[in-house]
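Working notes for the structure below.
The values are calculated or read from the model by the stated rules, or taken from the named source; none is laboratory data. From a predicted model like this one, the values you see are computed outputs, not experimental measurements. Only protein heavy atoms, including side chains, enter the accessible area calculation; ligands, DNA and RNA are left aside. Shrake-Rupley method; radii C 1.70, N 1.55, O 1.52, S 1.80 Å.
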Amino acid sequence: MNWAVTTYDTAFGYVSAHGAPLVDLLDPQPGEKVIDLGCGAGAFTAEIAERGAEVLGIDGSPEMIAQATALHPGLSFAIGDAHCFTTSESFDAVASNAALHWMTRDPDAVIARVHEALRPGGRFVGELGGAGNCAELIAAMQTAWRVFGLGEPELPWYFPSPAEYATRLEDGGFTVRLLEHAERPTRMVEGPDGAADWVRVYARSALADVPPEMVGPLLARVNELAAPALRRESGWVADYVRLRFAAVRKPDGSAPMPEGPQL
Ligand SMILES: C[S@@+](CC[C@H](N)C(=O)[O-])C[C@H]1O[C@@H](n2cnc3c(N)ncnc32)[C@H](O)[C@@H]1O
């Protein structure tokens, strides 16, 4: 995915802002080695570093890594695809904010790479779009595309249900400690053109095959269709639904049987 770096980080900085409490779930300790997977421009990476952990931000976009390096010169960043990255050392934790739902090619491969990067007992903590995320926005897009005689818009995301993602984590060698699936209506604070701006930033790939002269009217129709559900007096609100989890890499081999009284 080719990100519009400047637009993303200035106009839609709320993606980073909403990740803030995730650092508490991760609870990085001084000296711990942590990966921030899909780090983008590095805002969440910097929060982890502030807790004293040694953090490596990994992102598939060279533009994002360039931006992150410029904004946080003291931190380590690397270009890498989450489906196939490797590390030369074991990490204590892997964290990921608002990125796993963009890694659509093979979610199990991403989980396998995270597993490989962690020491036994290491933590995998993340937040991503969950089942039902942006349902109104997506419905408005699908209707508008149909009205304009276009095929189904190609949507670049993977929004799993909690049951599905828990199964993937367990099958991938993790014990799930916490899993939340919650609605998180989120103000589109900066974009003046509501749902249309949202599509331009987050669903740009769906616009790739749309004739340029059709884009304006098509997005105006998306706005009309989405407005009844998402436009409030105070402004536009995105119908976000988030999946948040904390999992632990299972120890290698079978755990010894504890001795003591029976329950
Ligand atoms: C919405 S941004 C989130 C960035 C950051 N975590 C934050 O909280 O602001 C999603 C990021 O995932 C990255 N990404 C998407 N697919 C990826 C992949 N397969 N491997 C690595 N990074 C990927 C994108 O380049 C983008 O920077």
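Summary table
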{"quantity": "Separation of alpha-carbon centers, the stretch 78-98 and the stretch 138-211, rounded to whole Å", "calculated": "23"}
{"quantity": "Per-residue ³J(HN,Hα) for the stretch 70-75, Karplus 6.51 cos²θ - 1.76 cosθ + 1.60, θ = phi - 60°, Hz, x for Gly and Pro", "calculated": "5, 6, 10, x, x, 9"}
{"quantity": "Of all accessible heavy-atom area on the chain, the percent that carbon and sulfur account for (1.4 Å)", "calculated": "51"}
{"quantity": "3J(HN,Hα) from dihedral phi, the stretch 226-243, Karplus parametrisation 6.51/-1.76/1.60, rounded to Hz, x for glycine, proline", "calculated": "7, 4, x, 8, 10, 9, 9, 4, 7, x, 7, 10, 8, 8, 6, 10, 10, 10"}
{"quantity": "Equivalent ellipsoid dimensions for the stretch 57-143 as semi-axes, Å, which come from the Cα gyration tensor, largest first", "calculated": "26, 18, 12"}
{"quantity": "Nonlocal amide H pairs with Asp36, under 5 Å, H built at 1.01 Å", "calculated": "Leu56, Gly57, Ile58, Ala95"}
{"quantity": "Relative contact order (percent, whole number), the stretch 123-263, Cα cutoff 8 Å, 6+ residue spacing", "calculated": "45"}
{"quantity": "Accessible solvent surface per residue of the chain, calculated while the other protein chains remain in place, 1.4 angstrom probe, Å²", "calculated": "48"}
{"quantity": "Ratio Rg/Rh, restricted to the stretch 124-237 and using Cα atoms, in which Rh is the Kirkwood radius", "calculated": "1.05"}
{"quantity": "The chain - percent relative contact order, Cα under 8 Å, separation 6 or more", "calculated": "21"}
{"quantity": "Interchain or long-range residues, amide H under 5 Å from Phe124's placed H", "calculated": "Val94, Ala247, Val248, Arg249"}
{"quantity": "Over the stretch 20-81, relative contact order from alpha-carbon pairs under 8 Å, at least 6 apart, %", "calculated": "32"}
{"quantity": "Beta bridge orientation in the chain: antiparallel %, DSSP, nearest 5", "calculated": "55"}
{"quantity": "Debye log10 I(q)/I(0) at q = 0.07 Å⁻¹ for the chain, Cα point scatterers", "calculated": "-0.27"}
